[in-house]
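A short worksheet on the structure shown next.
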């Protein structure tokens with residue numbers, strides 16, 4: 001069984017791993033490690049795979065992409081998507097500011113999240129975002145009050161919790177009764193009726209997002225049918241829905257997973273919506289991981305090879321603060337030697353970092369032919385890699401670079417130790 005993801009933009013040439021036309025060894029030498037490396041080609045191709053389904057043969061729009069930027073919020077990546085025409089799905093005022101700084105349009109921003117503050121609502125209203133996805137009656141009430149204080153009408157959508165099992169990790173499941181997200185299915189109609197009485201809220205859509213790293217279409221179809229039924233019920237009650245936000249969550253290949261191809265997935269959902277008689281609705285996709293996950297990797301250097309009584313350890317300079325997914329989810333990332341070597345014996349290692357935690361591991365039981373000082377690439381790290389990184393153990397966060405053909409661009413400088421406590425103060429003498 002293969003434990004290797006399907007990649008675009010990264011490949012082996014002359015026994016060296018490359019990002020597009022540049023060897024990872026060259027990048028490690030120029031920028032040091034740990035460093036996140038992204039392929040502009042892979043980002044662009046993934047976005048265009050959605051666009052192929054979103055645009056009809058006559059050029060008219062079936063749907064629009066709103067990148068779920070929590071997956072990776074680097075300004076350069078946001079700028080690539082903005083230039084391609086993407087909208088954005090945000091969950092904080094900080095993400096709003098990032099989109100605008102990267103050249104995104106406020107009228108293509110959907111503001112999601114369960115805990116929007118008054119300050120965040122004000123910032124989004126003043127910017128003129130496309131829509132707020134609301135997740136509770138108290139949030140609806142607050143937004144109406146905040147919008148009223150500004151004399152602005154807030155465009156809103158209610159997030160439905162359809163109680164559909166996405167068949168994914170429980171930490172990234174969002175559409176079951178026990179999850180904190182959305183309005184319970186049986187309460188949705190009453191919530192819309194309450195919203196219709198709010199003078200500073202304008203109902204424009206309905207929203208549903210059931211989870212992340214979903215590798216089957218069937219959970220989407222189950223949730224979609226439940227939401228389409230709600231739209232019909234709302235229409236009969238005189239509440240008109242203009243757009244249908246079907247969220248994101250499409251999985252990627254980390255090992256041997258076989259999620260549907262992006263265009264096939266999007267076409268299946270869009271065709272179903274049209275066949276059910278809802279082709280008049282504007283449809284929003286909110287992909288995150290499927291756009292950036294396999295478009296990035298984490299480059300690291302081997303510090304020591306440590307033989308043990310029951311385990312051999314490959315100790316690298318990247319750690320759980322750089323890539324949290326293995327420690328948090330026991331997530332698998334393929335790990336490869338940047339340079340293929342036949343002269344070194346193959347040994348089974350646990351790949352671990354220098355952080356003072358037993359949970360600081362990046363891969364377990366990996367067969368590698370490596371020596372100290374060489375480089376490893378941790379694949380499929382473009383989503384929820386840097387964005388979840390921290391300064392634990394007072395470690396600076398990694399650099400980030402983007403490869404565009406034969407050019408390498410530094411898109412985030414490595415943090416210095418001094419910068420980590422620049423905003424801290426000791427007590428006065």
Response to the item:
If one builds a Gaussian network model of the chain from Cα atoms under 10 Å apart, the most fluctuating residue listed among 117, 92, 419 is 419
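222 nm [θ] for the chain, helices only, -39500 (n - 2.57) per DSSP H run of 4+, per residue, to 500? Could you put the intermediate results ahead of the total?
Working: 12 runs with 119 residues, N = 429.
Value at 222 nm, helices only: -8000 deg cm²/dmol.
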Item to complete: In whole Å, largest first, what are the principal axis extents of the Cα atoms in region 38-80?
Response: 34, 19, 14
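Return a whole-number percent for the relative contact order of the chain, with Cα pairs under 8 Å and 6 or more residues apart as the contact set.
Normalised by residue count, the contact order of the chain is 20 percent.
Express as a percent, rounded to the nearest 5, the fraction of DSSP beta bridges in region 1-93 (both residues included) that run antiparallel.
Details: 7 of 10 bridges.
The antiparallel fraction comes to roughly 70 percent.
Taking only the Cα atoms of region 1-125, how large is their convex hull per residue, in Å³?
Values: hull volume 23.1 nm³, N = 125.
Normalising the Cα hull of region 1-125 by residue number yields 185 Å³.
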Worksheet, complete the sentence: For region 56-152, the Cα gyration tensor yields equivalent-ellipsoid semi-axes (√(5λ), largest first, whole Å) of 25, 16, 12
Worksheet item: Can you put 292, 188 in order, fewest other beta carbons within 10 Å first?
Response: 188, 292
Worksheet item: Helix 118-127 sits at what angle to the longest principal axis of the chain, using alpha carbons and giving 0 to 90 degrees rounded to 10?
Response: 80 degrees
Worksheet item: Relative contact order (percent) for region 112-287, with alpha-carbon contacts under 8 angstrom and 6 or more residues of separation?
Response: 20 percent
Worksheet, complete the sentence: Sorted on mean Cβ neighbours within 10 Å (highest first), peptides 9-19, 396-406 come out as 396-406, 9-19
Discussion item. From the mean inverse distance of alpha carbon pairs (Kirkwood) and the Cα radius of gyration, derive Rg over Rh for region 275-428.
Written reply: 1.09
Worksheet, complete the sentence: Least to most buried among 119, 160, by other C-beta atoms within 10 Å and fewest first, runs 119, 160
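Order these peptides, 356-369, 326-339, by their mean beta-carbon neighbour count within 10 angstrom, highest first.
On the way: 356-369: 15.5, 326-339: 18.4.
Sorting 356-369, 326-339 by mean packing, highest first, produces 326-339, 356-369.
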Practice prompt. May I ask for the angle, rounded to the nearest 10°, between helix 262-275 and the longest principal axis of the chain, with both axes built from Cα atoms and the value confined to 0 to 90°?
Written response: 10 degrees
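Express as a percent, rounded to the nearest 5, the fraction of DSSP beta bridges in the chain (both residues included) that run antiparallel.
Numbers: 35 of 73 bridges.
Looking only at bridges with both residues in the chain, the antiparallel portion is about 50 percent.
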Discussion item. Could you tell me how far the Cα centroid of region 360-404 sits from the Cα centroid of region 215-241, in Å?
Written reply: 41 Å
Response to the item:
For the chain, the Cα-Cα pair-distance distribution in 20 Å bins from 0, as whole percents, is 25, 53, 21, 1
Worksheet item: For region 178-257, what value does the Rg/Rh ratio take when both radii are computed over Cα atoms and Rh is the Kirkwood radius, given to two decimals?
Response: 1.05
Worksheet item: For region 112-287, what is the largest minus smallest coordinate of the Cα atoms on each principal axis, given in angstrom and ordered from greatest to least?
Response: 53, 33, 29
Response to the item:
Of all DSSP beta bridges with both partners in region 233-323, the antiparallel percent, nearest 5, is 60 percent
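Readers should treat all values here as calculations from the given coordinates under stated rules, not as data from a laboratory. Keep in mind that what you see is a predicted model, and the values were worked out from it rather than measured. Here Cβ is always computed from backbone atoms with ideal geometry, including for glycine, and neighbour counts include all displayed protein chains.
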